[in-house]
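All remarks here apply to the structure that follows.
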Amino acid sequence: MPTATYAGTDVTVNDEGFFEDPTQWTEAMAPELAAGEGIDTLTDRHWEVIRFMRSEYDAKGTGPTVRILGKTSGVPVKELYQLFPKGPAKQAAKVAGIPKPRGCI
Amino acid sequence: MPQRLVILGGGTGGTIMANRLRKHYGADELTITVVDRDDTHVYQPGLLFVPFGHVHVGDIVRPRHRQLHHHIDFREDEVSAVDIEAQTVSLAGGDTLDYDVLVIATGARLLPDETEGLTDAGWMERIFTFYTPEGAAALAEALARFDGGRVVVNVVDLPIKCPVAPLEFSFLADAYFTERGIRDKVELTYVTPLDGAFTKPVASATLSSMLGDKGIELVTEFNTGSVDGDGGRIVSWDEREVPFDLLVTIPLHGGAEYVGRSPGLGDELDFVPADEHTLQSKAKPNIFVIGDASNLPASKAGSVTHFEGEVLTENVRRFLAGEELDGSYDGHANCFIETGFGKALLIDFNYETEPLPGHFPAKVGMPLLKNSRLNHLGKLMFESVYWHALLPGRDVPGIAAAMPTSGKEHPDDDAPDAATDA
Ligand SMILES: Cc1cc2nc3c(=O)[nH]c(=O)nc-3n(C[C@H](O)[C@H](O)[C@H](O)COP(=O)(O)OP(=O)(O)OC[C@H]3O[C@@H](n4cnc5c(N)ncnc54)[C@H](O)[C@@H]3O)c2cc1C
């Protein structure tokens, strides 16, 4: 399993860079993770989504899809794409330090 | 006093459950009531063939009540809500049903209105879905008139019923235009939110290369944000565009509306959360879920519904007897994939094992993940199996709930390359 270093701490990630163990994540790591996704500044709206991702993961054991994010996070899908242009579900999961959302079948 | 079983939905899952449980209990032990909003049972896999004129809608529908055994009470009414505390179901007609055990089998609902523009300009004129009988019939007429241009098949988002059906449609469209002698005048494009043709890697590689071989362009990771019927284009949330002359859409799916009106029953999309192995709902121990209505990470497919039915029959029995539930449902799915020109692939998988090459159900059998005429005949034969064995609740020989493993070639045991094998 590969490791990566964020905010000076080693963490375990999968091949695509998603956290394997969300408890290793701290808020201090988010800006670096975001930069890796091409997101230079994390605004309050980004943080709203990141915290929502964390709480959804805690409650359900998987990150939400874009459709569910749009319905429940309080941030409309259009804006989610402005915040995380390469796909909100995946990019926000990565920045929030949770595993890649389980694909649908 | 007999105990009271109420089944919501008289489609594939509801009919299977009612018939299987009726055989198990005398009428003095258990009353069974099935509620459905209409009396028209559609063999949904047949919808795939309607647009190409191979099948007419009238050929694939039968009265629902006729599929139910004696001593099953059929109620034609709309479910308007479930009160999980009071253990009652209210119907739009005004009646209330009390239950001891409830089985939810109301399937998935299409939500074309949730995509901006999809049902505005051009809907049912140059934009169709074959997921409904009306849509499939209208598309048949549109295809018959079509003499060239861009045909786009678009899956808006998952989950959808029968995730292979849009691919099958694309393969059959390629064959259809070829047989009409106009294939060179038609540009066929398959647009999906996934990163490949299918969700699971081995099958995805096989199916992606089949699209390529048939000259069908594959556009991946396209999350449709809106549809512009006048301009003839679909636009993704990240502002990519795919132009079309004829759009075949697979709209967003959700669970039944009443689920959202029943506190504590469903999730954000109105699907009903349930245990992956026992099919008991998370809402209450006396509520069970079968088929497309659940939020299980299994395909929304008739084969899944059928396999679930075996486990769920046993679990309703155990629940009524106060015994521990059987946790043996493994996510087993089994789908034929029509590929055109009288051939089909067969895939067989479950929660743990992705679709692999090999043979079904054992080393000698139907070829898996490989194009063959035998598989196509299997698909055609399935309609008769559906009406005469599956719905009545007979065991289908050779097809059991647990996924067979003996005929499968695992990637690490020297399997032939699926993509080149096809
Ligand atoms: C085009 C197409 C092709 C397919 N091809 C295949 C295939 O090749 N192989 C395969 O295995 N599967 C296939 N499927 C999927 C398969 O048809 C479904 O997965 C299966 O029918 C699910 O059964 P179900 O009982 O969950 O839902 P359904 O059979 O859809 O039954 C749900 C029932 O609930 C009723 N209902 C819903 N809401 C209410 C309400 N509020 N009040 C009263 N009644 C209500 C509906 O009228 C309906 O009768 C296909 C589906 C489609 C659309």
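Using helices alone, I'd like the mean residue ellipticity at 222 nm for chain B: each DSSP H run of four-plus residues gives -39500 (n - 2.57), total over residue count, nearest 500. Write down the numbers at each step before the final one.
On the way: 8 runs with 94 residues, N = 422.
Counting only the DSSP helices, I get -7000 deg cm²/dmol.
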TODO: Select from B:Asp330, B:Asp28, B:Asp73 the residue whose mean-square fluctuation is largest in a Gaussian network model of chain B (Cα-Cα springs shorter than 10 Å).
DONE: B:Asp28
TODO: Show the residues, 5+ positions off or on another chain, whose built amide H is closer than 5 Å to the amide H of B:Arg150.
DONE: B:Glu187, B:Asp245, B:Leu246
Task: Interchain or long-range residues, amide H under 5 Å from B:Met366's placed H - done: B:Phe360
Open item on the list: Quick check on the stretch A:3-96: what are the equivalent-ellipsoid semi-axes from the Cα gyration tensor, as sqrt(5λ), descending, whole Å?
Closed with: 21, 15, 11
Open item on the list: Report D for the stretch B:333-413 in µm² per second (integer): Stokes-Einstein, Kirkwood Rh on Cα pairs, 37 °C, 0.692 mPa s.
Closed with: 249
Open item on the list: Test of understanding: ordering A:Tyr57, B:Tyr351 by Cβ neighbours within 10 Å, fewest first, what list do you get?
Closed with: B:Tyr351, A:Tyr57
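Note down the Stokes-Einstein diffusion coefficient of the stretch B:207-274 in µm²/s, whole number, using a Kirkwood radius over alpha carbon pairs, 10 °C, and 1.306 mPa s. Mind dumping the intermediate values first?
Working: Rh = 15.0 Å.
In µm²/s, the coefficient is 106.
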Task: Descending semi-axes in Å of the protein assembly as shown, equivalent ellipsoid built from Cα gyration tensor - done: 35, 31, 24
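FRET efficiency for A:Thr72 and B:His388, Cβ-Cβ distance as r, R0 = 45 Å, nearest 0.05? Kindly include the intermediate steps, with their values, before the conclusion.
Working: r = 44 Å, r/R0 = 0.98.
Efficiency computed from Cβ-Cβ geometry: 0.55.
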Task: Inter-chain shielding of B:218-226 (mean C-beta neighbours from other protein chains, 10 Å cut-off) - done: 2
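Taking every DSSP beta bridge that has both residues in chain B, what percent is antiparallel when rounded to the nearest 5? List each step's numbers first, then the result.
Numbers: 34 of 71 bridges.
Counting DSSP beta bridges with both partners in chain B, the antiparallel share is about 50 percent.
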Task: Integer Hz, Karplus 6.51/-1.76/1.60 couplings in order for the stretch B:50-67, x for Gly and Pro - done: 4, x, 9, x, 6, 9, 9, 3, x, 6, 10, 10, 9, x, 4, 5, 6, 8
Open item on the list: Can you compute 3J(HN,Hα) from phi for each residue in the stretch B:92-109, using the Karplus curve 6.51 cos²θ - 1.76 cosθ + 1.60 with θ = phi - 60°, rounded to whole Hz and x for Gly and Pro?
Closed with: 4, x, x, 6, 10, 10, 8, 9, 9, 10, 10, 10, 9, 9, 8, x, 10, 10
Open item on the list: Under the √(5λ) rule applied to the eigenvalues of the Cα gyration tensor, what semi-axes describe the equivalent ellipsoid of chain B? Give them in Å, descending.
Closed with: 36, 26, 19
Open item on the list: Taking the beta-carbon count within 10 Å as an exposure proxy, list B:Asp36, B:Asp228 from fewest neighbours to most.
Closed with: B:Asp228, B:Asp36
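Assuming 0.36 nm per residue, please report the length gained on full extension of the stretch B:Asp195 to B:Ala362 beyond their Cα-Cα distance. It would help to have the intermediate numbers written out before the result.
Details: separation 167, 0.36 × 167 = 60.12 nm, distance 3.12 nm.
Between B:Asp195 and B:Ala362, full extension yields 57.0 nm more.
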Task: Among B:Leu207, B:Leu158, B:Leu102, residue whose mean-square fluctuation peaks in a GNM of chain B (springs only between Cα atoms under 10 Å) - done: B:Leu158
- [ ] Quick one: angle between helix B:165-179 and the longest Cα principal axis of chain B, in degrees between 0 and 90, rounded to 10, please.
- [x] 40
Open item on the list: 5 Å is the cut-off here: which amide hydrogens, built 1.01 Å from N in the peptide plane, fall below it relative to B:Leu346, excluding neighbours closer than 5 in sequence?
Closed with: B:Ile337, B:Leu369, B:Lys370
Open item on the list: To test your reading of the geometry: what angle, between 0 and 90 degrees and rounded to tens, separates the Cα axis of helix B:12-24 from the longest principal axis of chain B?
Closed with: 30
Task: Full-extension gain in nm, B:Arg66 to B:Lys185, via 0.36 nm per residue minus C-alpha separation - done: 38.3 nm
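Which ordering of A:Thr3, B:Thr249 is given by a fewest-first count of other beta-carbon atoms within 10 Å? Don't jump to the answer; show the numbers that get you there.
Values: A:Thr3 10, B:Thr249 28.
Fewest to most other Cβ atoms nearby, the residues stand as A:Thr3, B:Thr249.
Values in this text are rule-based calculations from the coordinates and carry no lab data. Remember, predicted model here, so these are calculated numbers, not experimental data. Because the Cβ atoms are built from the backbone with ideal geometry, glycine has one as well, and the counts that use them run over all protein chains shown.
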